[in-house]
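Novice: The structure follows.
Each reported figure results from applying straightforward, stated rules to the coordinates on display, with no laboratory input. What you are looking at is a predicted structure, and each value in this text was computed from that prediction instead of being measured. Cβ placement follows ideal geometry from the backbone for every residue including glycine, while neighbour counts extend to all protein chains displayed.
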Ligand SMILES: Nc1nc2c(ncn2[C@@H]2O[C@H](COP(=O)(O)OP(=O)(O)OP(=O)(O)O)[C@@H](O)[C@H]2O)c(=O)[nH]1
Ligand SMILES: [Mg+2]
């Protein structure tokens, strides 16, 4: 059990979003796509060299830029 | 009094297909978020009961993050103000929860709403069932299930428009997601299915170790398929048609007109060794018809067929993710490959599609880059025709140069253009087998727009070229600018006409090089300079609209400098 960012999550593992470390703009954007505290999130894959992180939330797959992903904190 | 119907929903839920079904107006639909970037109007009914229907870009929420989303939200605001509009909120039934987020926001607005649960077939297919009636009674507005691509449920949707109601579903904003969760629990049942083989394969295309080799292989494959279809059509259909059927007719007309008349010059052009050469004669009915129909159309068909398959399969967003890092090098993010791909067909939709990028900086970089270094398929087809006989030795230098220019210019723009470039943040749609009839409709639409918008320009261009030659204007221009192009690019005076004609149609401009007996090196340089120098008039107009005057002037200056520099360099090193 521990709190890590999306980027540190292992591929294929599941976690629950605990917080989003960013301003209103970032939170609103993530929220509109269904990423918000309390939601279950599965990391599908990362990419080479700090490329985007691909996650699954509910039935949707989403690609998130690396920087943005470091601000999404997950409890695994 | 209802006068308008506005289609709203998340991106990629089938709004444009439903719009086409309702109005008969054909618009492009594709399996990635952000296909529609500008609203489009049509109508249903007739006489007094006639109503406008508007297809809007998709948006995830009522707080827009890109210009395309702004368009959608602005349309909604107008609709609320004018009180004459029904909103048809289209929902992706395979993503009910996320889609209801927008629905609940719409229900807070003072505007009547009807919900269409689209992609019903896909939902069933993956084991999701939704009780539409229960949803209807919870939300208090009509809910209709639809399958846009087959037309299922569209009639019911139209009948239910009369029952559209302003939402009476009350909730506290902070509780929206809880509210949605409660609704979803009540109306949706997901039969848990194991990962299908398709999904497993799908995952392979997104993991870097497997995805990158697959991407490289598929891009090569696509290129060869395009080349194969294009050349096949030319060799077996258009060339035989022009050579054995059209040429004799033209020879008759040539005899009738008499080889020295001005009319002959305009209609048939020059006879080459006593016969017609569709590449070089340069009359309206010879080269004027051969360029668009004989040389370009086969490639338009080939390219748009492949592009449409690519678009509808859902592969583009995956490619965007794999290439994201590469695009960071030029100040963009992965989704910028969508406008870049479209630009390979025609720069006009390419520039339009830059609206899916969030900031002004990205849009300037993307639009400038594509107009500098991405030739449209019409021009590419002509370059293939001209340099194809030298094989890779003739073709590679052109396209490798353009690619290098794309990279270097992009890098410079990233360093020089101020502003922000946000990171990629996009939904990855499910893979779907392209629906063949829908694909063919789209292909036909694109061919039709080429026939309607490009062919007249080519014919007009040939006419203008012939008149200017007859008036001596092109030779005068050649004498004036010629010394510069000869010194800098090693091109003869006669090539100046072609360079200038590039402003009208680039395919025709490349065609004008054919009669000049240029060497391979000269053809390479001319092709590169023509691509880079200045956009054709159609592209110029959208650039002007999308970038504004100052943006256009900046972009134009960059293009001109880059063209001079690269053309000159090629002349030195080749
Ligand atoms: N199987 C299936 N496919 C559909 C259905 N409706 C639309 N599609 C496909 O889904 C994709 C997206 O459709 P569009 O009409 O472009 O979606 P849109 O909502 O206009 O998307 P944006 O313009 O990007 O906001 C296309 O490839 C369509 O062919 C449907 O009911 N069933
Ligand atoms: Mg659309």
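Novice: Based on alpha-carbon centroids, what's the gap between the range A:11-47 and the range B:505-531 in Å, whole number please?
Specialist: Comparing the Cα centres of the range A:11-47 and the range B:505-531, I get a distance of 52 Å.
Novice: Okay, next question. With a cut-off of 18 Å, note down the residues of the range B:32-46 whose backbone N falls inside the zone around a label point 7 Å from the Cα of residue B:449 toward its beta carbon.
Specialist: Under 18 Å, as judged by backbone N against the label point of residue B:449, lie B:32-43 of the range B:32-46.
Novice: Nearest 0.05, what FRET efficiency do residue B:174 and residue B:565 give at R0 = 41 Å with Cβ-Cβ as r?
Specialist: After rounding to 0.05, the efficiency reads 0.10.
Novice: Ok, one more. Using all C-alpha to C-alpha distances in chain A, build P(r) with 10 Å bins and read off the rounded percent in each one.
Specialist: Percent of pairs per bin, in order: 22, 61, 17.
Novice: Let me ask something additional. Helix B:537-573 versus the longest principal axis of chain B: what is the Cα-based angle in degrees, 0 to 90, to the nearest 10?
Specialist: The answer is roughly 40 degrees.
Novice: Take every DSSP beta bridge with both residues inside chain B and express the antiparallel ones as a percent of the total, to the nearest 5.
Specialist: 40
Novice: Cα-Cα pairs above 13 Å in the range B:107-162: how many percent?
Specialist: In whole percent, the long-distance tail amounts to 61.
Novice: Here is a further query. Between the range B:366-381 and the range B:405-472, what is the separation of their alpha carbon centroids in Å?
Specialist: 7
Novice: Between 0 and 90 degrees, rounded to the nearest ten: what's the tilt of helix B:176-187 against the longest Cα principal axis of chain B?
Specialist: Taking Cα atoms only, the helix is inclined about 80 degrees.
Novice: A further question follows. With no solvent and one equal point scatterer placed on each C-alpha of the range B:419-485, evaluate the Debye formula and give log10 I(q)/I(0) for q = 0.13, 0.24, 0.25, 0.29 Å⁻¹, two decimals.
Specialist: Each listed q maps to, in turn, -0.74, -1.03, -1.04, -1.12.
Novice: A follow-up question, please. Please work out the Kirkwood hydrodynamic radius for the protein assembly as shown, using every pair of different C-alpha atoms, and report it in angstroms with one decimal place. Don't skip to the end; give the middle numbers.
Specialist: Numbers: mean 1/r = 0.0373 Å⁻¹.
Result for the protein assembly as shown, one decimal place: 26.8 Å.
Novice: If you bin the C-alpha pair distances of the range B:502-574 every 10 Å from 0, what whole percents do you get?
Specialist: 19, 44, 28, 9, 0
Novice: Same structure, new question: Once the cut-off is 23 Å, how many percent of the Cα-Cα pairs in the range B:113-208 end up in the long-distance tail?
Specialist: Of all Cα-Cα distances in the range B:113-208, 41 percent exceed 23 Å.
Novice: Tell me, how many Å apart are the Cα centres for the range B:87-104 and for the range B:35-50?
Specialist: About 22 Å separates the Cα centre of the range B:87-104 from the one of the range B:35-50.
Novice: Count the DSSP beta bridges whose two residues both fall in the protein assembly as shown, then state the antiparallel fraction as a percent rounded to the nearest 5.
Specialist: 65
Novice: Under the Kirkwood approximation for Rh and a Cα-based Rg, what ratio Rg/Rh is obtained for chain B? It would help to have the intermediate numbers written out before the result.
Specialist: Values: Rg = 26.5 Å, Rh = 25.9 Å.
Rounded to two decimals, Rg/Rh equals 1.02.
Novice: Right, here's the next one. Using a Förster distance of 41 Å, how high is the FRET efficiency between residue B:329 and residue B:441, based on the Cβ-Cβ distance and rounded to 0.05?
Specialist: With a Förster radius of 41 Å, E is 0.65.
Novice: Arrange the following residues from fewest to most other Cβ atoms within 10 Å of their Cβ: B:550, B:354, B:210.
Specialist: B:550, B:210, B:354
Novice: Compute the whole-percent fraction of alpha carbon pairs in the range B:365-488 spaced more than 24 Å apart.
Specialist: 63
Novice: Still on this model: Going by alpha carbons, how many degrees (0 to 90, nearest 10) lie between the helix axis of B:392-416 and the longest principal axis of chain B?
Specialist: So the inclination is approximately 50 degrees.
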